[in-house]
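All remarks here apply to the structure that follows.
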Amino acid sequence: RGDRAKAIERMRRSHAVFAGALGPEHPSTLMVLNALASVLEINAQLDEALALLERGLAAAERTAGAETFDAAIYRCNLGQVLRERGDLAGSAAMLQRGLAIFAHLHAEDRPGVDSCRTELAETLRQTGQRSVTASRGAPP
């Protein structure tokens, strides 16, 4: 448990350094923010992970637009945290929107897309729905 706490603290310091040097909405700062949220999620600190991902998504959309690869990644990560918190409807909506952005960008083969499909398939499985949109090549 101590190693996990140290990892979280290191990520927090890294984020503070990036934010101080580059600004809170610089793409590199947002990348570190996303990584911090992932570490928090792994450590079951879902409320804080959710808040950071929501903040990151809003910043990514403000700085680069809502139809960007980064915004889609944030949406997929948000979908995963929402599912872990028990919000299956919110999770499915977020994941489907992320996949729709990937399709719009013709980015279905980029890193992160398969894990988003997998997350959507798991979310739909938990709701009892069939995963038509989660299959490779199907429009979200």
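Structure notes:
- Ligands, DNA and RNA left out, the 1.4 Å accessible surface of region 15-72 is 63% carbon and sulfur atoms.
- The residues of region 32-77 have, on average, 40 Å² of accessible surface per residue, using a 1.4 Å probe with all protein chains present.
- Protein-only accessible surface at a 1.4 angstrom probe places the residues Phe18, Phe69, Phe102 in the order Phe18, Phe69, Phe102, largest first.
- Qualifying GluC sites (Glu not before Pro) in region 27-98, DSSP loop, other Cβ atoms within 10 Å at most 12: Glu67
- Per-residue ellipticity at 222 nm from helix content only, as computed over the chain with -39500 (n - 2.57) for each DSSP H run of at least four residues, stands at -25000 deg cm²/dmol.
- Estimated distance in nm for a label pair at Arg110 and Gln45, the labels positioned 7 Å out from Cα along Cα-to-Cβ: 2.8
- In region 1-81, the trypsin sites (Lys or Arg not before Pro) that fall in loop regions by DSSP, at most 10 other Cβ within 10 Å: Arg1
- Volume per residue for the chain equals 97 cubic angstrom (convex hull of Cα atoms).
The values are calculated or read from the model by the stated rules, or taken from the named source; none is laboratory data. None of the values given here were measured: they were computed from a predicted structure. Neighbour counts are summed over all protein chains in view; Cβ atoms, including those assigned to glycine, are modelled from backbone coordinates with ideal geometry. Just so you know, the surface numbers come from the protein's heavy atoms only, side chains and all, with ligands and any DNA or RNA stripped out. Shrake-Rupley method; radii C 1.70, N 1.55, O 1.52, S 1.80 Å.
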